[in-house]
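No value in this document is a laboratory result; all are computed from the given coordinates. Predicted, not measured: the structure shown is a model, and the values here were computed from it. Please note: Cβ atoms are built from the backbone with ideal geometry, for glycine as well, and neighbour counts cover all protein chains shown.
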Amino acid sequence: MNQDTTKHQGKRRQLVEVLKQKGISQAEVLKAIGDIPRHLFLDSSFVDHAYQDKAFPIGAEQTISQPYTVAFQSEQLQLKAGMKVLEIGTGSGYQTAVLCHMGAEVYSIERQHELFRTSLKRLPALGFKPKKLIFGDGYKGFPEQAPFDRIIVTAGAPAVPEALLDQMVVGGIMVIPVGEINQKMTIITRTSNTNFQKLVLGDFRFVPLLEDKN
Ligand code: SAH
């Protein structure tokens, strides 16, 4: 059932209301979540739950992030159309789709081959065109296309990877959950070549950002 029906659309409108109540207010973020068929990013066994504000397994022991988390990170990015964005942890590709919908030029890295392959097919099939999906280790970033206006990390990092700091433009923003078991959502702004400003927000729970196994 690879379809988007009025029933799904209705459930999405409800999800958007839930996110608004939880404090998400950026119109472009709410529009993306209202438009994108999240149920088509999940295993068919979870389809009925796709519009609950919950994380779900996507295979390879990974999860699709909770819609609130996706919305929160997307909002914190202060994204503008045309910006060059690096995402670490493509996973299901749902966050990638949100960034594409918001007009970003998206480069996204995934270290699990099965998930990488699935997103490579799924995103274009659903009409999303990231600039490039990369199979590799996000700890290294993507130097070929650096610097990036924005960087979003969707797995819990024990510490902020140095390579990612190096790959930000001056004035760029990185949104990264930092911590071992629970993570603090951390917003890093590059204020000059040598200076970074750090803002630490609330607690979240992500699967871990893992070191390279390739
Ligand atoms: N944005 C995704 C979140 C998936 S969970 C979604 O909404 O579906 C986090 C993802 O990060 C997992 O798919 C995991 O395999 C990936 N990941 C973990 N460590 C990584 C690394 N070092 N480089 C790239 N991807 C990584």
Q | Amide H within-cut-off set for A55, under 5 Å, with H built and near neighbours excluded | A | Q66
Q | Three-way shape call for the stretch 91-206 based on the alpha-carbon gyration tensor, with the a/c threshold at 1.5 | A | prolate
Q: Kindly write out, for the stretch 4-14 in residue order, the coupling ³J(HN,Hα) from the Karplus curve 6.51 cos²θ - 1.76 cosθ + 1.60 (θ = phi - 60°), rounded to whole Hz, with x marking Gly and Pro.
A: 10, 10, 4, 5, 4, 5, x, 5, 5, 4, 5
Q.
Once you order the gyration tensor axes a ≥ b ≥ c over the Cα atoms, which shape class does the chain get: rounded for a/c under 1.5, otherwise prolate or oblate by comparing a/b with b/c?
A. prolate
Q: Tabulate in residue order the Karplus-calculated ³J(HN,Hα) for the stretch 117-122, using 6.51 cos²θ - 1.76 cosθ + 1.60 with θ = phi - 60°, rounded to whole Hz; enter x for Gly and Pro.
A: 5, 4, 5, 4, 8, 5
Q. For the residue pair S25 and K129, what label-to-label distance in nm results when each label sits 7 Å from Cα along the Cα-to-beta-carbon direction?
A. 3.5 nm
Q: Give the peptides 107-114, 51-58 in descending order of average Cβ contacts within 10 Å, highest first.
A: 107-114, 51-58
(Q) Test of understanding: ordering T96, T189 by Cβ neighbours within 10 Å, fewest first, what list do you get? (A) T189, T96
Q | Footprinting exposure proxy for D149, D212 (fewest neighbouring C-beta atoms within 10 Å first) | A | D212, D149
Q: Please work out how much length the chain gains when fully extended from S45 to D212, using 0.36 nm per residue of separation minus the C-alpha to C-alpha distance, in nm with one decimal.
A: 57.1 nm
Q | the stretch 55-204: Lys pairs at Cα distance under 26 angstrom, eight or more positions apart or on different chains | A | 23
Q) Once a ≥ b ≥ c are taken as the square roots of the eigenvalues of the Cα gyration tensor of the stretch 89-142, is the result rounded (a/c under 1.5), prolate (a/b larger than b/c) or oblate (a/b not larger than b/c)? A) oblate
(Q) As a footprinting exposure proxy, order R13, R38 by other Cβ within 10 Å, with the fewest listed first. (A) R13, R38
